[in-house]
């Protein structure tokens, strides 16, 4: 599943599902959870993590900063701390542009 098409309407996602969305190891998901305060999963009595759609959106933002834009973890944390609204707004613009690009590529294939 590509990160752009992640909203499935589910209330909670397991750590395996989140890792699969980004093609990452579950250990990296756990690490990012500890490193970034914006990710707050629910845990059951057994300690299993359950992520909300908002958590998944935050993972997507972190993934974009670290894996796609090349920020270090400390750089991504600093960017999110200094100006979270602008960072999220910029990310939403990037997501919209990727959707438009995908749409245009689909049209090009049909021509």
ask   = Can you tell me which residues in segment 69-88 are assigned to a helix (DSSP H, G or I) and either in contact (Cβ under 8 Å) with a residue 12 or more places away in the chain or surrounded by 11 or more Cβ atoms within 10 Å (Cβ to Cβ) (or both)?
value = 73, 75, 76, 77, 78, 79, 80, 81, 84, 87, 88
inquiry  = When you scan segment 44-51, do you find a residue that is over 11 Å from the mean Cα position of the chain (by Cα), within 26 Å of residue 96 (Cβ to Cβ), at pLDDT below 95 and in a loop (DSSP other than H, G, I, E, B), even just one?
reply    = no
inquiry  = Among (1) in contact with a strand residue (DSSP E or B) (Cβ under 8 Å, 6 or more places away or on another chain); (2) surrounded by 13 or more Cβ atoms within 10 Å (Cβ to Cβ), there is one condition residue 32 misses while meeting the rest; what is its number?
reply    = (1)
ask   = Taking the condition part of a helix (DSSP H, G or I), more than 22 Å from residue 96 (Cα to Cα) and in contact with a helix residue (DSSP H, G or I) (Cβ under 6 Å, 6 or more places away or on another chain), does residue 19 pass?
value = yes
request  = Report whether or not residue 58 is surrounded by 16 or more Cβ atoms within 10 Å (Cβ to Cβ) and without any contact (Cβ under 8 Å) to a residue 24 or more places away in the chain.
outcome  = yes
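The values are calculated or read from the model by the stated rules, or taken from the named source; none is laboratory data. Everything numeric here is computed off the predicted structure, so don't read it as measured data. Glycine gets a Cβ as well: all are built from the backbone with ideal geometry, and neighbour counts include every protein chain shown.
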